[in-house]
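Colleague: My structure is below; once you've seen it, I'll send some questions.
The values are calculated or read from the model by the stated rules, or taken from the named source; none is laboratory data. Source: prediction; values computed, not measured. We place every Cβ from the backbone using ideal geometry, glycine too, and count neighbours over all the protein chains shown. Each accessible area value is taken on the protein alone, full model and side chains, heavy atoms only, with ligands, DNA and RNA left out. Shrake-Rupley method; radii C 1.70, N 1.55, O 1.52, S 1.80 Å.
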Amino acid sequence: MQEKAIVDLIDGMAAELKTRLQQNHITDPVMIGIHTGGVWVAKQLHQTLDISEELGTLNISFYRDDFSRIGLNPQVDPSNIPFEVENRHLILVDDVLQTGRTIRAAMNEIFDFGRPASIMLATLIEKDGRELPIVADVVGMKPTLKEGDYISLTGPSPLTLVFGKPSKDSEAQ
Amino acid sequence: MMKGNRQTNSKGQLKHFLSIDGLKRDLLVEILNNAESFTSLARQGRSVKKVPLLRGKTITNLFFESSTRTRTTFELAAKRLSADVLNLNISTSATSKGESLLDTLHNLEAMHCDMFVVRHASSGAAHFIAKHCAPHISVINAGDGSHSHPTQAMLDMLTIRQHKGDFTPLRVAIVGDILHSRVARSQVLALNTLGVSEVRVIAPRTLLPFDARALGVHVYHDLIEGISDVDVVIMLRLQKERMSGALLPTEAEYFKLYGLTEEKLKHAKEDVIVMHPGPINRGVEMDSAVADGKHSVILEQVSNGIAVRMAIMSMCLGTHQDADMEDTV
């Protein structure tokens with residue numbers, strides 16, 4: 001899938017987020033993207049929604065539950081939350097939601113920065129295979145995939161969605 | 001069984017951290033990169049400074065020799081990783097009641113410890129413990145005799161990299177008591193592995209090992225000559241507690257010849273950084289004006305010590321267990 005189609009998906013997500021925010025009477029949300037793909041999606045959402053405060057980014061390596069198997073990944077940029085989390089309404093953004101473990105780790109890390117008033121989850125792609133009770137509030141698309149097929153976002157420019165057969169490198173979390 | 005280097009498993013991942021000797025450049029760079037991401041934790045404005053990486057692990061500080069800074073930073077590093085920490089002051093514990101070192105170790109193993117951080121006055125103590133402890137335990141050398149102090153060397157490398165970026169063009173001078181310094185030995189190995197352009201050691205003949213040149217360094221006996229045009233000056237502490245015999249005339253005489261003053265420092269590069277592993281003997285190894293001056297990065301070394309130890313602890317405990325289980329298949 002090419003950039004234009006992905007940009008349209010993200011625009012659709014922005015519109016839905018806007019409605020959700022209005023319904024919940026949230027006027028000053030802040031946004032956090034999860035490294036690496038989530039940050040790419042979040043950058044565009046952040047711009048479209050015209051959020052005043054700088055985008056936050058999260059590197060969840062230190063919070064993963066499979067750390068003892070895969071170790072650290074120093075290649076990923078560190079977390080950067082340039083605002084107070086305490087009592088804020090957060091929009092958490094990732095590229096692919098599957099097992100839910102990444103989101104679990106991200107929420108744990110967010111709470112180490114402070115206690116947010118609420119967290120909304122937006123994801124570009126939703127896949128089957130949840131292992132934790134986590135549901136996205138806003139989803140870009142939910143493609144029909146066969147068991148074991150993978151999908152991943154490459155970027156940052158251009159953003160491309162790659163569909164493929166099972167591979168060893170497919171999304172672990 | 002592990003093959004080759006006792007410090008790494010069959011996949012080349014860190015299991016023990018005993019010495020810089022035998023570790024490849026890639027692994028040292030990986031330690032520095034991981035440490036760099038841990039330094040960012042302190043800057044993030046988090047209300048909780050800990051991360052849960054080593055939650056549920058137990059780390060025992062086995063200090064057979066006293067140390068405040070090293071033990072404290074190891075303890076803090078372990079706690080920032082959410083590990084439980086046991087501090088064993090050996091001089092007041094069972095060994096003084098006649099228990100052998102191995103019996104003490106086996107008792108700690110029976111308490112399900114995952115890592116020993118060892119400091120000992122005898123060279124090779126950490127290697128000995130790594131050799132004899134249960135296979136699931138990782139050992140980190142926090143200084144053994146005059147042999148090695150690899151975590152100190154790595155925190156120095158991190159500090160140098162933060163200021164200078166690339167190692168390859170650098171000239172580094174190490175000044176002082178090379179003979180007794182485990183820090184110097186580890187620094188020289190790390191600097192050469194990371195590929196600096198030149199390592200110099202500057203010391204009176206009585207404070208140099210016989211085979212100093214075999215370390216891969218240029219030897220100088222004159223401070224001004226030795227620090228000319230260097231990018232980094234590392235001052236070592238005069239180890240009074242390890243001196244036997246009259247190696248030096250007086251401290252005042254030593255300061256006159258080898259003490260770093262602002263005047264002498266002018267011979268180094270303009271953007272030189274001055275380092276010291278601490279604790280400083282002010283007025284012996286260096287003037288207070290230098291220790292507190294604009295070239296000094298001594299306090300940054302202390303902060304980096306926590307990040308480097310977090311990186312090494314999490315690398316040792318994070319990956320080796322599965323790999324070694326595969327080894328036995």
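Colleague: So which residues in the range B:194-216 are touching a residue at least 40 places away in the same chain (Cβ under 8 Å) and open to solvent by less than 40 Å² (accessible area, probe 1.4 Å), if there are any at all?
Modeller: Going residue by residue through the range B:194-216, those that are touching a residue at least 40 places away in the same chain (Cβ under 8 Å) are B:194-195, B:202-204, B:206-207.
Once the filter is applied, which keeps residues that are touching a residue at least 40 places away in the same chain (Cβ under 8 Å) and open to solvent by less than 40 Å² (accessible area, probe 1.4 Å), the range B:194-216 yields B:Leu194, B:Gly195, B:Ile202, B:Ala203, B:Pro204, B:Leu207.
Colleague: Same structure again: If only one of B:Glu109, B:Glu65 is in a helix (DSSP H, G or I) and either in contact (Cβ under 8 Å) with a residue 12 or more places away in the chain or within 14 Å of chain A (Cβ to nearest Cβ) (or both), which one is it?
Modeller: Working: B:Glu65 fails: in a helix (DSSP H, G or I).
Matching residue, one of B:Glu109, B:Glu65: B:Glu109.
Colleague: Something else now. Exactly one condition in (1) out of contact with any Lys or Arg (no Cβ under 7 Å at 6 or more places or on another chain); (2) not in a strand (DSSP E or B) is false for B:Val117; which is it?
Modeller: (2)
To keep it simple, each residue is scored yes or no on (1) in contact with a strand residue (DSSP E or B) (Cβ under 7 Å, 6 or more places away or on another chain); (2) at pLDDT 90 or above.
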residue	(1), (2)
B:Leu54	no, yes
B:Thr60	yes, yes
B:Glu75	yes, yes
B:Ile90	yes, no
B:His106	no, no
B:Cys113	yes, yes
B:Val117	yes, yes
B:His132	no, yes
B:Asn141	yes, yes
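Colleague: Condition first: within 14 Å of another protein chain (Cβ to nearest Cβ), open to solvent by 20 Å² or more (accessible area, probe 1.4 Å) and of a type outside the set (A, V, I, L, M, F, W, C). Now tell me which residues in the range A:104-138 satisfy that. Full working, then the answer.
Modeller: Taking the range A:104-138 and keeping what is within 14 Å of another protein chain (Cβ to nearest Cβ), we get A:104-116.
Filter once more, keeping what is open to solvent by 20 Å² or more (accessible area, probe 1.4 Å): A:104, A:107-108, A:111-112, A:115.
A:Arg104, A:Asn108, A:Asp112, A:Arg115, listed by residue number.
Colleague: Can you find, within the range B:4-48, the residue that is surrounded by the fewest Cβ atoms within 10 Å (Cβ to Cβ) among those that are modelled with pLDDT under 85 and at the interface with chain A (Cβ under 9 Å from one of its Cβ atoms)?
Modeller: Within the range B:4-48, the match that is surrounded by the fewest Cβ atoms within 10 Å (Cβ to Cβ) is B:Arg43.
Colleague: Same structure again: If you scan the range A:75-103, which residues turn out to be within 12 Å of chain B (Cβ to nearest Cβ), surrounded by fewer than 19 Cβ atoms within 10 Å (Cβ to Cβ) and more than 17 Å from A:Gly37 (Cβ to Cβ)?
Modeller: Across the range A:75-103, the qualifying residues are A:Pro82, A:Phe83, A:Glu84, A:Glu86.
Colleague: Could I ask something else about it? Of all residues in the range B:49-60 being touching a helix residue (DSSP H, G or I) at 6+ places or on another chain (Cβ under 6 Å) and assigned to a strand (DSSP E or B), which is surrounded by the most Cβ atoms within 10 Å (Cβ to Cβ)?
Modeller: Per the stated criteria, the residue is B:Ile59.
Colleague: If you don't mind, there's one more thing I want to ask. Just to be sure before I move on: is B:Ala173 of a type outside the set (S, T, N, Q), buried (at least 23 other Cβ atoms within 10 Å of the Cβ) and touching a strand residue (DSSP E or B) at 6+ places or on another chain (Cβ under 9 Å) in the structure I sent? Spell out the reasoning first.
Modeller: Details: of a type outside the set (S, T, N, Q): yes; buried (at least 23 other Cβ atoms within 10 Å of the Cβ): yes; touching a strand residue (DSSP E or B) at 6+ places or on another chain (Cβ under 9 Å): yes.
Considered against the rule, which asks whether it is of a type outside the set (S, T, N, Q), buried (at least 23 other Cβ atoms within 10 Å of the Cβ) and touching a strand residue (DSSP E or B) at 6+ places or on another chain (Cβ under 9 Å), B:Ala173 comes out as yes.
Colleague: Which members of the range B:260-279 meet the condition of being open to solvent by less than 20 Å² (accessible area, probe 1.4 Å) and closer than 20 Å to B:Gly165 by Cα?
Modeller: Passing the criteria: B:Ala268, B:Val272, B:Ile273, B:Val274, B:Met275, B:His276.
Colleague: On the basis of being touching a strand residue (DSSP E or B) at 6+ places or on another chain (Cβ under 8 Å), closer than 29 Å to B:Ala35 by Cβ and either exposed (fewer than 13 other Cβ atoms within 10 Å of the Cβ) or in contact (Cβ under 8 Å) with a residue 24 or more places away in the chain (or both), does B:Gly293 make the cut?
Modeller: For B:Gly293, the condition - touching a strand residue (DSSP E or B) at 6+ places or on another chain (Cβ under 8 Å), closer than 29 Å to B:Ala35 by Cβ and either exposed (fewer than 13 other Cβ atoms within 10 Å of the Cβ) or in contact (Cβ under 8 Å) with a residue 24 or more places away in the chain (or both) - is met.
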